[in-house]
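What follows is a single structure, written as structure tokens, with notes after it.
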Amino acid sequence: MTLPSHVFLDTSVLAGQQYNFGSATLTSFSDVAKEKGLRLVLPAPTSSEIERQIKFRSDEALKALDEARRKAPFLKKWKHWPEKPTNIFQEWEVKRIAIQEWKDFLAQFKVVKLNYDDVKIDKIMSWYDSVRAPFREGKKRKEFPDAFAVESLAQYALKQQIYIAVVSEDQDFKAACEHFTSLLYFPSLPKLVEKLLSQEIDLAPIRNSMLNKSDLLNEAVTDSAQEMSFYTNDSDVDLDESEIEDVELRDVQIVGVGDSECTIVFEASLKVRHKFSWREWGGPDGDEYYIEHDSTREESDISGTAKIQIDKDGRQALAVSFIELDQDELPADAPYIQRYRHY
């Protein structure tokens, strides 16, 4: 089992700290992240959005000072009152200071910057068309920057075979992460820091809970397996129907722990009943006729990954929020038939 080795901070986290990179929350996170060797992952759309918000807040701060000068002109007599910028370069200096604070924050980490190379536009548009998180109806309908960020994170995690802690106060970001077992969601930085500071995570309660509620995972594996296709390599035999009769979990391993969720890998065997048919010749009138045959394949091996929702104490498995099988299709053993029995 491993804790996330990389971390992504959504803009909602920084906005919640008013972009004060010296806040206790961000400082404590920086200290722990450096101690644990966490890498900070920064997708291009998130980086652009952060800088845009910093510049917007700088402009709003300058406007607020102008409004204060207008409403309370006596403040000019206060010796600590800042002088009004007299040219565009002084206004630019305010924004430069704010951006430099962001750069100094980043300098504390090993930063992995992601561009748009691995973003698949057709996949993003399919999310948009089906209103899949981070897209949803209403004001949040056009969340393309978040969608680009999620896709970049997922592709990077897949390539590097890592787990990324995704910290966001946005519930749509949480819903988007549920589709990716390599993205472990945390609702706040303190939650992540608390998990990182845990010297040893006791997995026994979670594992025992999953064993006691094995029907949760069994049902999820069965439902997912129903979408698989089966095939036979015998061109003379038709596979008419496949019915999954039972699922037996053989091995379950917890490989990543987030806040109120964990990622597992598993192996299982399926018992599947197949119905075949084929043509034979030599009926009463010498015509061809069909033969139907039922057979049971005792074990079809499968494996996959899943996300399990756990309670806040980390002791009870509550639900399977996402599951993905490694196999899309499985072979079905066709019965042996005697070809050309009649001449």
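The values are calculated or read from the model by the stated rules, or taken from the named source; none is laboratory data. In this text, all values refer to a predicted model and were calculated from it rather than measured experimentally. Because the Cβ atoms are built from the backbone with ideal geometry, glycine has one as well, and the counts that use them run over all protein chains shown.
Just a few scattered comments:
- Residue 169 meets the conditions (1) more than 19 Å from the chain's Cα centre (by Cα); (2) of a type in the set (Asp, Glu); (3) in the same structural domain as residue 38 (by TED's automatic domain parsing) in every case but one. The failed one is (1).
- Check on residue 72, at pLDDT 85 or above, in the same structural domain as residue 175 (by TED's automatic domain parsing) and not charged (D, E, K, R): no
- Candidate set from segment 152-171 (those that are in contact with a helix residue (DSSP H, G or I) (Cβ under 6 Å, 6 or more places away or on another chain) and not in a loop (DSSP other than H, G, I, E, B)); member that is surrounded by the most Cβ atoms within 10 Å (Cβ to Cβ): 166
- Selected residue (criterion: surrounded by the fewest Cβ atoms within 10 Å (Cβ to Cβ)) from residues of segment 21-49 that are modelled with pLDDT of 85 or more and either touching a Ser or Thr at 6+ places or on another chain (Cβ under 6 Å) or part of a loop (DSSP other than H, G, I, E, B) (or both): 37
- In segment 111-122, the residues that are under 11 Å from residue 151 (Cβ atoms) reach residues that are of a type outside the set (D, E, K, R) and part of a strand (DSSP E or B) with C-beta atoms within less than 8 angstrom, at least six apart or across chains, in these pairs: 114/41; 114/42; 114/43.
- Restricting 256, 283, 304 to those that are within 19 Å of the chain's Cα centre (by Cα), at pLDDT below 80 and either among the small types (Gly, Ala, Ser) or in a strand (DSSP E or B) (or both) reduces the list to 256.
- Residues located in segment 1-15, provided they are buried (at least 16 other Cβ atoms within 10 Å of the Cβ), part of a helix (DSSP H, G or I) and of a type outside the set (Ser, Thr, Tyr): 13, 14
- Test: residue in segment 176-196 that is assigned to a helix (DSSP H, G or I) and closer than 16 Å to residue 321 by Cα: yes
- Any chance residue 104 is outside the structural domain of residue 248 (by TED's automatic domain parsing), at pLDDT 85 or above, loosely packed, with under 12 Cβ neighbours inside 10 Å and outside any helix (DSSP H, G or I): no
- Residue 212 surrounded by fewer than 12 Cβ atoms within 10 Å (Cβ to Cβ) and under 20 Å from residue 266 (Cβ atoms): yes
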